[in-house]
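Comments concern the structure below.
The values are calculated or read from the model by the stated rules, or taken from the named source; none is laboratory data. Remember, predicted model here, so these are calculated numbers, not experimental data. Ideal geometry is used to build each Cβ from the backbone, glycine not excepted, and the neighbour counts take in all protein chains shown.
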Amino acid sequence: MNITKNSPLITLKLAALVAVSSFAFSSSVAFADEEFYGTIESRPTANAGIWVISGQQVEVTDKTEIDTDHGPLVVGSCVEVEHNKGVVDEIESAKPSKCGRK
């Protein structure tokens, strides 16, 4: 068996394995708990439902912790969102400066 002749195939298989492993790892990291600031663009009348915050759709449920210390959660308000895979754990009003406004 000539190792030099088989090396390109082994190298290709190894590169494919590394690429697949990297993708699997990065995908699982992307689904970890996330937090962001944004402006409420739309929301349902009741708290539970799909909200759009700075272009991102998230789901607020009956289990979501809601905090209005910095004002009401209305369209145009700046909020901090903590979510896991788009399901909101906590949403709270934030100072407008957190969303780039004065």
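The table below gives the values:
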| quantity | calculated |
| --- | --- |
| Those residues of the stretch 33-79 which are over 19 Å from residue 95 (Cα atoms), part of a strand (DSSP E or B) and more than 16 Å from the chain's Cα centre (by Cα), in sequence order | 49 |
| Subset of the stretch 80-95 (residues that are surrounded by 16 or more Cβ atoms within 10 Å (Cβ to Cβ) and of a type in the set (S, T, N, Q)) | 93 |
| Index of the failed condition, residue 102 passing every other in (1) out of contact with any Gly (no Cβ under 7 Å at 6 or more places or on another chain); (2) buried (at least 16 other Cβ atoms within 10 Å of the Cβ) | (2) |
| Number of the condition not met by residue 98 [criteria: (1) modelled with pLDDT of 90 or more; (2) outside any helix (DSSP H, G or I)] | (2) |
| Selection within the stretch 49-79 - among the hydroxyl-bearing types (Ser, Thr, Tyr) and surrounded by 12 or more Cβ atoms within 10 Å (Cβ to Cβ) | 54, 64, 68, 77 |
| Some residue of the stretch 8-15 being modelled with pLDDT under 55, surrounded by fewer than 10 Cβ atoms within 10 Å (Cβ to Cβ) and out of contact with any helix residue (DSSP H, G or I) (no Cβ under 6 Å at 6 or more places or on another chain) | no |
